[in-house]
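To start, the structure itself, in structure tokens.
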Amino acid sequence: MGLAERAGLDVENGIRVDERLEANVQGVFAAGDVANARHPLYGHLRVEHWANALNQGPAAARNMLGADRPHDRVPYFFSDQYDLGLEYSGRASGSDRVVFRGDPESRDFIAFWLRDGRVTAGMNVNVWEVTEAIQSLVRGQVEVDVDQLTDPSFPLEDLGTQRPTHPRPKRSAREFMRQGMTFSKRFVQARFGSADKAPASELAPGDARILQVNGQKAACYRDDAGKLYAVSAVCTHMGCLIEWTGDEKVWGCPCHGSRFGPDGRVLQGPAKKPLEEVQVTAVEKAAASTRGER
């Protein structure tokens, strides 16, 4: 923090920045562990977890380029401990009431923190594909019926969330650890692995491949009519590398089950945001169209 202080930045439990991640010195931004950022729900908040660095970095870059958008993601972290995994969303205080959806003794449950009848945080333990539902409750700040909240048979989406959940069956410790290894592998591939450098024009009708396009991994598919689709190959949920399911003609995330259409739209959560379009050169588009017509 010494360098930040000498530069005239406001330092208090990290570098204090506004909701756009800009410091008190115009044009200076901070993201990740070092940033004590103002959040619309929690005020200034410093989160030391890689997910925060992953999400704040691009947000700061967009604002450096003039986007002027607040970074208002619900704070999140996860941890895997052998056969136990958890995801925590929100921010609770010591005075918040804690209620459980499921039996904690079973090691498969969701804990909710409540203040004035509203969800301030939620932690799912060995229960999956509910993060978006929990975060919607936190963001919405609406009063909830505690009996419904703690009833595993009552759908979370009916408590004001934006997307229905699809609970998975209970899995063995071996299966759970395998999922964790899959996530780690696909995340590393998405961030650091290399993709096929062949031009998109080489795709035949009906083909789909992950290609390196303009410095990023693109999920490319050309339909039977020769139309070329190119979208980001990184899942918008947790950043895993997606893969093609030929029988259904969709892109799927092997980490948490999100599914996307060839154009990037979300077909199934937990992902909420569509895959961003990747620009392909006019030459490659023309080549693809011409090849599709032959």
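Quick note: the coordinates plus some simple rules give every number you see, no bench work behind them. Not measured: the values here are computed from a predicted model. No Cβ is skipped: glycine too gets one built from the backbone with ideal geometry, and neighbour counts run over all protein chains shown.
Label-to-label distance for Glu202 and Leu54 is 3.0 nm, based on points extended 7 Å past Cα in the beta-carbon direction. Within 10 Å of each candidate Cβ there may be at most 16 other Cβ atoms; applying that plus a DSSP loop requirement, which GluC sites (Glu not before Pro) in segment 211-281 survive? Those satisfying the criteria are Glu248, Glu276. In this rough spin-label picture, where each label sits 7 Å from Cα along the Cβ direction, the Asp247-Ser93 distance is 5.3 nm.
Estimated at 0.36 nm per residue, the fully extended path between Asp158 and Leu45 surpasses their Cα-Cα distance by 37.7 nm. Loop-located chymotrypsin sites (Phe, Trp or Tyr not before Pro) in segment 54-103 (DSSP state not H, G, I, E or B) with no more than 12 neighbouring Cβ atoms inside 10 Å: Tyr82.
Aspartates and glutamates near Lys273 by alpha-carbon distance under 20 Å, same-chain residues fewer than 8 away left out - which ones? The qualifying aspartates and glutamates are Asp68, Asp72, Glu87, Glu129, Glu132, Glu157, Glu243, Asp263. Peptide packing: for 25-31, 91-97, 257-263, the average count of neighbouring Cβ atoms within 10 Å per residue gives the ranking 257-263, 25-31, 91-97, highest mean first. Under Stokes-Einstein, with the Kirkwood radius over Cα pairs as Rh, the value for segment 2-64 at 20 °C and 1.002 mPa s is 187 µm²/s. For segment 2-64, averaging the sequence separation of C-alpha pairs within contact (under 8 Å, six or more residues apart) and dividing by the residue count gives a relative contact order of 28 percent.
If R0 is 51 Å, the Cβ-Cβ spacing of Phe100 and Arg6 corresponds to a FRET efficiency of close to 0.60. Remark: for residue pairs Lys197/Lys217; Lys197/Lys249; Lys227/Lys249, the C-alpha separation exceeds 20 Å in Lys197/Lys249.
Around Lys249, what is the net charge, scoring Lys/Arg as +1 and Asp/Glu as -1 over all other residues with Cβ under 12 Å from its Cβ? Around Lys249, the charge tally is -4.
Taking every Cα-Cα distance in segment 17-173 and sorting them into 5 Å bins from zero, the calculated P(r) comes out as 2, 9, 17, 20, 17, 14, 11, 7, 3, 1, 0 percent. Summarising the overall dimensions of segment 119-162 from its C-alpha atoms, the Rg and Dmax are 9.6, 26 angstrom.
Neighbours of Val138 by Cβ distance under 10 Å: Lys/Arg scored +1, Asp/Glu scored -1, total +3.
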